[in-house]
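Working notes, structure below.
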Amino acid sequence: MAGGNFDKFLASFLPLIPKKMYDNIMKSSPLMYQIMKQKKQWDSGGDTIKIHLKYKHATNVGSYQGYDTMDITPQDTRTDAEFKLKQLYASIIFNGYEDAASSGENAIFKMAQIATEDAEAALKDLFAQLIFKDGTGNGGKDILGLKAAVDDGTAVATYGGINRSTYTWWKSQYDGAAAALSTAKMQAMFLKCSRGGVENKPDFIVTDLNQFQKYLALVDGKTTIQQPLGKVGQEFANLGFTQVSFMGVPVVYDEYCPANTMYMLNSNTLQLHVKPGKDFKPTEMVKPANMDAKVGQILWAGELICTEPRANGKLENLT
């Protein structure tokens with residue numbers, strides 16, 4: 001009977017997990033917020049998704065007069081990048097569930113809350129780490145993070161099946177020269193990332209705590225650099241994230257950002273594609289034959305995809 005009470009409660013509690021967990025993880029850091037708010041549905045039926053890319057403008061354009069011949073040569077201006085589905089999990093374990101069920105609904109709720117909070121914290125930590133990695137961890141099963149997406153071929157030669165040496169338009173902006181952080185160095189990288197003017201510029205900057213503190217020292221009292229924050233900065237402020245401005249975009253720090261590294265990111269080019277039905281989806285809770293417990297998992301499947309690496313940049317080896 002007690003077990004039946006527990007199962008009845010779980011049947012109403014578990015469906016609440018995906019949205020709550022998604023919201024909590026999304027709001028855990030500025031980077032997670034920017035990436036997860038761009039969530040898109042994995043629209044492929046299989047484990048591979050193709051992203052259609054326009055990498056150059058057609059050349060069959062021009063001025064003409066009278067009976068001039070016009071260029072009608074077919075133009076190959078697009079290609080596809082291919083990305084594999086990645087999967088993450090966190091286990092939920094309810095220990096002593098029969099005792100909790102016998103103690104009433106409050107005891108069940110407390111047990112369920114503690115177990116799901118533990119799973120949420122574990123997934124949050126995993127996401128936060130992988131988002132800066134190159135996807136090669138655990139035999140290539142990890143998410144393709146910023147180390148892969150924002151690179152010029154120095155660390156990751158092929159991204160989404162496209163070789164960066166052959167197709168240079170697929171390179172990010174990169175400066176790995178060992179040097180002290182300076183506003184001049186930041187401005188140079190910012191302008192390289194700004195495609196076609198202010199509308200296509202990076203909209204937030206992420207760095208480690210050490211470089212964040214160095215930037216604070218650089219801009220202390222310099223209002224010419226500390227311009228008013230735009231839309232993304234206002235969103236960060238509303239969520240209570242610590243930030244400072246550079247050329248009108250927020251600079252934030254992330255505890256998982258690699259040391260002496262700064263990313264200049266265009267959130268319009270960063271998309272988290274998520275598999276329907278596996279967006280922090282809880283599985284059925286089952287009782288192992290040899291344990292006084294019920295066990296299940298929280299499942300997530302998808303991939304972080306950068307649709308235009310050249311609009312993003314990285315400063316590395318800062319001193």
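Some points to look at:
- Failed criterion for Gln234 (all others in (1) modelled with pLDDT of 90 or more; (2) in a helix (DSSP H, G or I); (3) surrounded by fewer than 16 Cβ atoms within 10 Å (Cβ to Cβ) hold): (1)
- Contacts under 7 angstrom Cβ, first residue in segment 15-35 being touching a residue at least 60 places away in the same chain (Cβ under 8 Å), partner assigned to a helix (DSSP H, G or I) and of a type in the set (Ser, Thr, Tyr), 6 or more apart: Ile17/Thr116; Lys27/Tyr33; Gln34/Ser267
Results for (1) under 30 Å from Ile114 (Cα atoms); (2) small (Gly, Ala, Ser); (3) in contact with an Asp or Glu (Cβ under 7 Å, 6 or more places away or on another chain); (4) open to solvent by 40 Å² or more (accessible area, probe 1.4 Å), shown as yes or no for each residue.
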| residue | (1), (2), (3), (4) |
| --- | --- |
| Leu16 | yes, no, no, yes |
| Met21 | yes, no, yes, no |
| Asn24 | yes, no, yes, yes |
| Lys50 | no, no, yes, yes |
| Thr59 | no, no, no, yes |
| Gln65 | no, no, no, yes |
| Ile72 | no, no, no, yes |
| Thr79 | no, no, no, yes |
| Gln87 | yes, no, no, yes |
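- Against the numbered list (1) in a loop (DSSP other than H, G, I, E, B); (2) under 17 Å from Tyr89 (Cα atoms), His273 comes up short only at (1).
- Checklist (1) modelled with pLDDT of 90 or more; (2) exposed (fewer than 15 other Cβ atoms within 10 Å of the Cβ); (3) basic (Lys, Arg) applied to Lys133, failing item: (2)
- Residues of segment 300-319 classified as among the small types (Gly, Ala, Ser) and closer than 30 Å to Lys281 by Cα, total: 2
Yes/no matrix, rows are residues, columns are (1) closer than 30 Å to Val61 by Cα; (2) modelled with pLDDT under 90; (3) of a type in the set (Lys, Arg):
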residue: Asp71; (1), (2), (3): yes, yes, no
residue: Gln75; (1), (2), (3): yes, yes, no
residue: Gln87; (1), (2), (3): no, no, no
residue: Ala90; (1), (2), (3): no, no, no
residue: Tyr97; (1), (2), (3): no, yes, no
residue: Glu105; (1), (2), (3): no, yes, no
residue: Ile108; (1), (2), (3): no, yes, no
residue: Ala121; (1), (2), (3): no, yes, no
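- Residue match in segment 140-158 (condition: at positive phi and either open to solvent by 40 Å² or more (accessible area, probe 1.4 Å) or among the hydrophobic types (A, V, I, L, M, F, W, C) (or both)): no
- If you go through segment 193-217 and keep only what is out of contact with any helix residue (DSSP H, G or I) (no Cβ under 9 Å at 6 or more places or on another chain), modelled with pLDDT of 85 or more and not aliphatic (A, V, I, L, M), you end up with Asp208, Asn210, Gln211, Phe212, Gln213, Lys214.
- Looking across segment 290-307, just one residue is more than 10 Å from Gln271 (Cβ to Cβ), among the charged types (D, E, K, R) and buried (at least 19 other Cβ atoms within 10 Å of the Cβ), and that is Lys294.
- Leading residue by the ranking (modelled with the lowest pLDDT) among those in segment 11-66 that are in a helix (DSSP H, G or I) and of a type in the set (S, T, N, Q): Ser12
- Residue among Met285, Met262 that is touching a residue at least 12 places away in the same chain (Cβ under 8 Å) and open to solvent by less than 10 Å² (accessible area, probe 1.4 Å): Met262
- Any hit, segment 218-226, residues being more than 26 Å from Asp151 (Cβ to Cβ), open to solvent by less than 50 Å² (accessible area, probe 1.4 Å) and modelled with pLDDT under 90: yes
- Pairs where the first residue, in segment 105-121, is over 23 Å from Trp300 (Cα atoms) and open to solvent by less than 10 Å² (accessible area, probe 1.4 Å) and the second is in a helix (DSSP H, G or I) and aromatic (Phe, Trp, Tyr), C-beta under 9 Å, 6+ apart: Ile108/Phe6; Ile108/Phe9; Ile108/Phe13; Ile108/Tyr97
- Being at pLDDT 95 or above, open to solvent by less than 30 Å² (accessible area, probe 1.4 Å) and within 20 Å of Gly135 (Cα to Cα) is not true of Leu272.
- Close pairs (9 angstrom Cβ cut-off, 6 or more residues apart or separate chains): within 19 Å of Thr158 (Cβ to Cβ) in segment 168-185, charged (D, E, K, R) and surrounded by fewer than 16 Cβ atoms within 10 Å (Cβ to Cβ) anywhere: Trp169/Lys56
- Helices (runs of 4 or more DSSP H) lying entirely in segment 122-194 (those with 1 or more residues that are under 23 Å from Lys214 (Cβ atoms)): 146-149, 183-193
The values are calculated or read from the model by the stated rules, or taken from the named source; none is laboratory data. Note that this is a predicted model, so its numbers are computed, not measured. Cβ atoms come from the backbone with ideal geometry, glycine included; neighbour counts cover every protein chain shown. Side chains are part of the model used for accessible areas, which takes the heavy atoms of the whole protein and leaves out ligands, DNA and RNA. Shrake-Rupley method; radii C 1.70, N 1.55, O 1.52, S 1.80 Å.
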